[in-house]
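Asker: Have a look at this one.
Quick note: the coordinates plus some simple rules give every number you see, no bench work behind them. Given the structure is predicted, the values throughout are model-derived calculations rather than measurements. Cβ atoms come from the backbone with ideal geometry, glycine included; neighbour counts cover every protein chain shown.
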Amino acid sequence: MPAVWPPREFRFSELPALDAVVVSHEHEDHFNIPSLHMLDRGIPILMSSRASFAAQAMLSEMGFRSVALAPGEVFSFGDLQIVPFSPDHLVSFNADEWDGMALLARDRANGGAFFTPVDVFPTKDMVARLVKALGDSAHFLTHMSEKLSWVDTGAAESLLTKKAEAESSQDEAQALDRLAMGAALAIEPGASVILSGDQIASLKFSTEFLWTVPERSRPERPLWRHHPDGEYGPASGVARLAEPEWREVEACLRELAQFLYGSLLYKRLYSLTVDTGALPQPKFVIVLRDQAGARGFEYDPGSCGFKPVPAAEAQRRYVCGVECWASDLAAARRGVFEPRILSLGHSRFWRPDKSMPDPFLHILWPFFHPQRWPQECLHAYRTQYAGVCQAESGILHGQAQARTAEVAAG
Ligand SMILES: [Fe+2]
């Protein structure tokens, strides 16, 4: 994803030697080809065994040895052990985090452990397994996103599950303090906690290779989710589609209609009763913006398709809808980027209430998931990798020319 928060600085030249790299799952903000390309190919990459074939194939094409991490299978190197845990997609909603796993890293020689659920929710089964795996060693728990999903009281034998909302690490620490009797540390990117035995030996809030940009120097936080009003540009930078590309978009909408059969949206729409003639209609619409004029497409379950409709006043006429640029839908279908980028100020959606599915979380994110399009996804990864290599050779060429010029100048 192009925007991570809080913003951070990374100095690759200062990165210490790595024994292995864990890629938690195949989302762009975790499985990132330009970042992976910076790594020595001798470093093994530990990747979720549930990732698509595209991710596994791409790692191998890049020259990496990848190790598939499966829930419950312990991976060891040196004194460190990595233990992956499966989420439970039946009891908690993890959006399209299909290959996501929670991870425990523990030091068998010196004690201490670190646990993160990454992007999935911890469950009772996970906590029970975790408690067993931790034994009585000192441990750290992190939360996911900005929802504190649990708290380690530091006193109880098992882990206390609580919920709280927070906007920043400081807010989170305060909330944790209230919930957990002062067991929380506000840690931002770059912080290191050195454990020795069961004690914290030292705590550093930044390292030579990673630190968080101070609050006063941060840019405005990118908008998450949709623009309720106002103008927004295409994430792809393309404002106008050629007619052949519109055919591509229409083909994508046919695929989307097939995907929607029996889905949450389908069930919800089929559960609505609306008085004759009343607006909005109990239907779902997609409005695709284009410089030459927006086009509307109404979901028609009966024909398992989307039929063209006027785009004007869609929000007044349809109970649920999503609007984005046509070029962005086409780009997501080609695998140029993940649909998550549309949620960063490049789209908007509406629905009457939360009983109606979120068009992104429940529809577009899972629709475009790599596991649904592994071939297209591999093609996109290859294109991205070729672009990274090309840019690098351009930089190297420029550096060589500059050196030649320096030598010539004496
Ligand atoms: Fe994710």
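Asker: What dipole magnitude, in Debye to the nearest 20, does region 1-115 give about its Cα centre under +1 on Lys/Arg Cβ and -1 on Asp/Glu Cβ?
Answerer: Details: 7 positive and 15 negative charges, 50 e Å.
Computed about the Cα centre, the dipole is about 240 debye.
Asker: Provide the gained length on full extension for the span Arg216 to Thr383, in nm with one decimal, where the gain is 0.36 nm per separating residue minus the Cα-Cα distance.
Answerer: Numbers: separation 167, 0.36 × 167 = 60.12 nm, distance 3.75 nm.
So the extension gain works out to 56.4 nm.
Asker: Magnitude of the Cβ-charge dipole of region 202-301, K/R +1 and D/E -1, about the Cα centre, nearest 20 debye? Before the final figure, lay out the partial values.
Answerer: Details: 13 positive and 14 negative charges, 82 e Å.
The dipole magnitude comes to about 400 debye.
Asker: If r is the Cβ-Cβ distance from Ala294 to Ser263 and R0 is 35 Å, what FRET efficiency results, to the nearest 0.05? Display every interim value, and only then the final one.
Answerer: Details: r = 25 Å, r/R0 = 0.71.
Efficiency, rounded to the nearest 0.05: 0.90.
Asker: Spin-label point model (7 Å from Cα, Cβ direction): what's the Val4 to Lys132 distance in nm?
Answerer: Result for the modelled spin labels: 3.3 nm.
Asker: Report D for region 47-97 in µm² per second (integer): Stokes-Einstein, Kirkwood Rh on Cα pairs, 20 °C, 1.002 mPa s. Don't jump to the answer; show the numbers that get you there.
Answerer: Values: Rh = 12.7 Å.
Estimated diffusion coefficient is 168 µm²/s.
Asker: In debye, nearest 20, what is the charge dipole magnitude of region 243-372 about its Cα centre with +1 on Lys and Arg Cβ and -1 on Asp and Glu Cβ, if you could check? Write down the numbers at each step before the final one.
Answerer: On the way: 17 positive and 15 negative charges, 56 e Å.
About 260 debye.
Asker: Report the FRET efficiency, 1/(1 + (r/R0)^6), for Phe209 and Thr276, where r is their Cβ-Cβ distance and R0 is 60 Å, rounded to 0.05. Kindly include the intermediate steps, with their values, before the conclusion.
Answerer: On the way: r = 65 Å, r/R0 = 1.09.
About 0.40, to the nearest 0.05.
Asker: Going by amide H atoms built from the backbone, whose H comes under 5 Å of the H on Trp211, apart from near neighbours?
Answerer: When sequence neighbours closer than 5 places are left aside, the close amide H contacts are Glu9.
Asker: Shape verdict for region 10-81, please, from the Cα gyration tensor: rounded (a/c under 1.5), prolate (a/b greater than b/c) or oblate.
Answerer: Values: a/c = 1.67, a/b = 1.11, b/c = 1.51.
Cα axes put region 10-81 in the oblate bin.
Asker: What are the radius of gyration and Dmax of region 243-372, computed over its Cα atoms and given in Å?
Answerer: Rg then Dmax for region 243-372, in Å: 13.9, 43.
Asker: Hey, what do the phi angles of region 337-348 turn into as Karplus ³J(HN,Hα) couplings, whole Hz, using 6.51/-1.76/1.60 and θ = phi - 60°, x for Gly and Pro?
Answerer: 8, 7, x, 4, 5, 5, 6, 9, x, 10, 6, 8
Asker: Using Stokes-Einstein with the Kirkwood hydrodynamic radius over Cα pairs, what translational diffusion coefficient do you get for region 303-410 at 37 °C and a viscosity of 0.692 mPa s, in µm²/s rounded to a whole number? Provide the component values of the computation, followed by the final result.
Answerer: Numbers: Rh = 17.5 Å.
Reported coefficient: 188 µm²/s.
Asker: Could you tell me the distance between the Cα centroids of region 365-410 and region 72-111, to the nearest Å?
Answerer: 32 Å
Asker: Search the structure for amide H atoms under 5 Å from the amide H of Leu46, placed 1.01 Å from N in the peptide plane, and list their residues when 5 or more places away or on another chain.
Answerer: Val21, Val22, Val23, Val67
Asker: A further question on this structure: Take the Cβ-Cβ distance between Gln81 and Arg316 as r, set R0 to 45 Å, and report the resulting FRET efficiency rounded to the nearest 0.05. Show your work: numbers first, answer last.
Answerer: Working: r = 57 Å, r/R0 = 1.28.
Rounded to the nearest 0.05, the efficiency is 0.20.
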